[in-house]
Structure formats: structure tokens, C-alpha cells
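Below is one structure, written out as C-alpha cells; the observations come after it.
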Amino acid sequence: MTNSKNAKKYLLVGIFEAAKEDRSLFPIFQKAVRDYYKGIYVDFKKSNFSISILSSSPLVCKVAKVCKAIQPGKTMTYSQLAKKAGFPKAARAVGNILAKNPLPLIVPCHRVIRADGKIGNFSAPGGSKIKRKMLEHEKKLKLKN
């Protein structure tokens, strides 16, 4: 398994009982993920983790930047994100971009929902059920000192 696939799997440690921690893989990041799942607010958008989704086309970069700005416990629709990224007619493209997101806590695609208010799909293991669980979890986070 590649590092990005491992990292994506380990992002969900705490929610997925099946996920095993590998403390040798990005140890600082793993601590941040553990804090997140303990209910401590972690500002992943300020992280120094390099991810390939940010080094793509202008649309992908803008979508990732806008998505990273969505606060924990808040949501935005795919069409709102597309408009805010400067591509108002690209809601479907936004969905396709986020479906390929390798690190859903750094680029929090789980915070993007359908225009009708439904959760929508989630490409990480567990799908929509986990997406809903992550959103509920984030509404309870405490600010980190």
C-alpha cells in the first residue's frame, strides 16, 4: 500500500475499529488525528503536510483551498464550493475532485454536502455513514489550547 493510501486509511483511526495504527507513518500527523478523535480541535488547514491534490490544475487547487477553509461542524454544498472557488457551474466537477481526495481531514471533503441538504457520498471506507459520523463528531470538538 502506498503512503497516501496508508495515510487515508489512518485518518479515520478512532472511527474505524478495523483501521490499525502504524506509528511510523507520519507520527506528528498521527498525533493530530488521535487528538481530533479525542474531541480536541486540530486545525488541519495549518498543517505542513504536503498532499498531491494541491499541486494539480487551478480548479483542483482552488477547490482544495476553499474546502480547507470550511470550519469543523460547518458544511457547504458542492455548488456553493464551486461558486466560492470561482467556477460557479462546476458543482459536478467539485464532487469528482473531492471523490479523489487522498486526505479527508486536511482537505475536509466530508464537510461538503448535496444542495438538497442530504449528506451525499463519501469515498473513504464506510461511505456516507462515516461522513455523517465525522460531521456529528466535529460539532462536539473542544478548542485545543
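Data overview
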item: Label-point gap, in nm, between Tyr41 and Ser56 - each point 7 angstrom along Cα→Cβ; result: 2.9
item: Set Lys31/Lys65; Lys89/Lys140; Lys68/Lys118; Lys84/Lys118; Lys83/Lys131 screened for pairs whose C-alpha atoms are more than 32 Å apart; result: Lys89/Lys140
item: Highest-first arrangement of 106-114, 92-100, 131-139, 61-69, where packing means the average Cβ count within 10 Å; result: 106-114, 61-69, 92-100, 131-139
item: 3J(HN,Hα) from dihedral phi, region 99-113, Karplus parametrisation 6.51/-1.76/1.60, rounded to Hz, x for glycine, proline; result: 5, 9, 4, x, 9, x, 8, 6, 10, x, 5, 5, 8, 9, 10
item: Potential lengthening between Ser123 and Lys65 on full extension [0.36 nm per residue; Cα-Cα distance subtracted]; result: 19.0 nm
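Here, each number is a calculation from the coordinates, and none is a lab measurement. In this text the structure is predicted, and so the values were computed from the model without any measurement. Cβ atoms come from the backbone with ideal geometry, glycine included; neighbour counts cover every protein chain shown.
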